[in-house]
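The values are calculated or read from the model by the stated rules, or taken from the named source; none is laboratory data. Here the structure is a predicted model, which is why all the values come from computation and not from measurement. Don't worry about glycine lacking a Cβ; one is built from the backbone with ideal geometry, like all the others, and counts go over all protein chains shown. To get the accessible areas, we keep the full protein, side chains included, count just its heavy atoms, and leave off ligands, DNA and RNA. Shrake-Rupley method; radii C 1.70, N 1.55, O 1.52, S 1.80 Å.
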Amino acid sequence: MRELIYYVAVSLDGRIASPTGAFDAFPVTGDHFDVIYEEWADTVPAAAYDALGLSGPRGRFSTVLMGWNTYAAGFEFTDDPYPHLDQIVFSRSHSASDTTSVRVTADDPREVVADLKSQDGSDIWLCGGGDLAAQLMGQIDRLVLKVNPFVFGDGIPLFAGECDPMPFDLVATRNFASGVLINEYNRR
């Protein structure tokens, strides 16, 4: 069965973006990127993947889920960030351009994920944001957190909004000279 994997960069204080929604404090270089490019190549936006001349295998994920703010954060670069994936953006008030492969929906994220999990395919990547993650907490199978060595002090939390406590087991951790840790957790 397909897994829902919340793979995201996070600060030491559990924030996925600053109070303004910016995430430019997260480093874009460092030795941890070798792992990202080799093991998580699906999560590199297509334009960056091509510009960097990457050839890491893709196929870990077949679908990416985003809230509107996560999707809109990349508009200065593209409105079709992951054309190699089935892109689903959740919004009650926006729609996608007809020129992209992005599907914008106001459907209940839990129902969408339940339907996706019942279909054949690779895993499902929950890209962000915190509100969407809180709604999907009960369906997240794995957390992969790229913990970055800085503090925002405030901003968008990893899980924003109410959700029931959910236990996870740490199954792997890797530390890098950049100060980044990649921690992987499975839902208990």
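Numerical summary
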item: Yes/no for Asp42 being out of contact with any helix residue (DSSP H, G or I) (no Cβ under 7 Å at 6 or more places or on another chain), crowded, with 20+ Cβ neighbours inside 10 Å and of a type in the set (D, E, K, R); result: yes
item: Strands (runs of 3 or more DSSP E) wholly inside the range 99-188 containing at least 1 residues that are touching a residue at least 40 places away in the same chain (Cβ under 8 Å) and surrounded by 17 or more Cβ atoms within 10 Å (Cβ to Cβ); result: 123-128, 142-148, 181-187
item: Candidate set from the range 68-98 (those that are part of a loop (DSSP other than H, G, I, E, B) and either touching a residue at least 60 places away in the same chain (Cβ under 8 Å) or touching a Gly at 6+ places or on another chain (Cβ under 7 Å) (or both)); member that is nearest to Asp123 (Cα to Cα); result: Pro81
item: Count - residues of the range 111-129 that are at pLDDT 95 or above and under 12 Å from the mean Cα position of the chain (by Cα); result: 4
item: Pick from the range 45-91, criterion over 27 Å from Thr20 (Cβ atoms) and polar (S, T, N, Q), ranking: most open to solvent (accessible area, probe 1.4 Å); result: Ser55
item: Neighbours by Cβ (under 6 Å, 6+ apart or cross-chain): first from the range 32-56, over 19 Å from Val147 (Cβ atoms); second open to solvent by less than 40 Å² (accessible area, probe 1.4 Å) and part of a helix (DSSP H, G or I); result: Gly56/Ala41
